[in-house]
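**Student:** This is the structure I have questions about; it appears just below.
The values are calculated or read from the model by the stated rules, or taken from the named source; none is laboratory data. Just so it is clear, the model here is predicted, and its values are computed rather than measured. Please note: Cβ atoms are built from the backbone with ideal geometry, for glycine as well, and neighbour counts cover all protein chains shown. We work out accessible area using only protein heavy atoms, side chains counted, and drop any ligands, DNA or RNA first. Shrake-Rupley method; radii C 1.70, N 1.55, O 1.52, S 1.80 Å.
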Amino acid sequence: MTGLVVRSLLVIGGLLIMLAGTAALVLAFDVFDGLLAMGFGAAVVLAVAFERRRYRSEAAEQTNAEAGPGGGETPGTRLEPRFRPTAEVFIDPSTNQRMRVHADPVSGERRYVAEP
């Protein structure tokens, strides 16, 4: 829920910055500052639009559910054969669980699996 609030505030802020840039262009004829503000506001909105949540399970990805604690695949879930284990291992900061990264070599899609 908190992530949704932050993302919404960022979009609103980006739109307000774009509006201020438009006002600078139209009312003050300040081309450089107006375009700079519009570009920055657009970058914020686009960053929110294209930002991907990391460490989500496949089930959470398909249903657009929150990632939840640990965020990796549900224990015991078998990944599709296209996912191959990589050498990348990390400790999930929310659970202190050791996670192995599995990647699809064709698409680059990644999945995270807890290791014992």
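**Student:** With every protein chain kept in place and ligands, DNA and RNA left out, what is the accessible area per residue of the range 75-116? Probe 1.4 Å, answer in Å². Before the final figure, lay out the partial values.
**Tutor:** Working: 2910 Å² over 42 residues.
I get 69 Å² per residue for this part.
**Student:** Which ³J(HN,Hα) values, rounded to whole Hz and listed in residue order, are derived for the range 105-116 from phi using the Karplus coefficients 6.51, -1.76 and 1.60 in 6.51 cos²θ - 1.76 cosθ + 1.60 with θ = phi - 60°, glycine and proline given as x?
**Tutor:** x, 7, 8, x, 4, 10, 9, 10, 10, 5, 9, x
**Student:** Could you check the simple spin-label distance between residue 62 and residue 109, using points 7 Å along Cα→Cβ, in nm with one decimal?
**Tutor:** 1.0
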